[in-house]
Amino acid sequence: TGERRIALVKLTKQKLEDAKITLRGEREKVIKDIDAKEKAGEMGEDEKFRLKTELQKMVDECTRSLEALFEKKEKEIAE
């Protein structure tokens, strides 16, 4: 029914937000690890910034993929 479809879309949207929150949490863990290694002298400042930039690109790509999956699933539910 229409109500069930609306509920499924809401659930799917919530799962998308949960996945984004998890992704951001993991990003923060990696950033802390990078900063700790830089402070310990295991890597240079240039490498730290390069790794952070690469990490952000990966996170952005994953976010786009998650949103694309959500849109695809939303269309499937609406049909």
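The values are calculated or read from the model by the stated rules, or taken from the named source; none is laboratory data. Small disclaimer: the values here were computed from a predicted structure and weren't measured. Here the Cβ is made from the backbone with ideal geometry for all residues, glycine too, and neighbour counts use every protein chain on show. We work out accessible area using only protein heavy atoms, side chains counted, and drop any ligands, DNA or RNA first. Shrake-Rupley method; radii C 1.70, N 1.55, O 1.52, S 1.80 Å.
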**Report entry** Share of carbon and sulfur in the accessible heavy-atom surface of the chain [1.4 Å probe, %]
**Finding:** 54
Query raised in the report: For the chain, what is the mean residue ellipticity at 222 nm derived from helices alone (per DSSP H run of n ≥ 4: -39500 (n - 2.57); sum divided by total residues; nearest 500 deg cm²/dmol)?
Result: -33500 deg cm²/dmol
Query raised in the report: Which of the GluC sites (Glu not before Pro) found in the stretch 1-58 are in a DSSP loop and have at most 15 neighbouring Cβ atoms, other than their own, within 10 Å?
Result: E42
Report summary line: Regression test value, accessible area per residue of the chain, probe 1.4 Å, units Å², expected 79
Report task. Go through (1) 11.7, 34; (2) 17.0, 56; (3) 18.0, 60 and flag the label whose value is the computed Rg and Dmax of the Cα atoms in Å for this structure. Result -> (3)
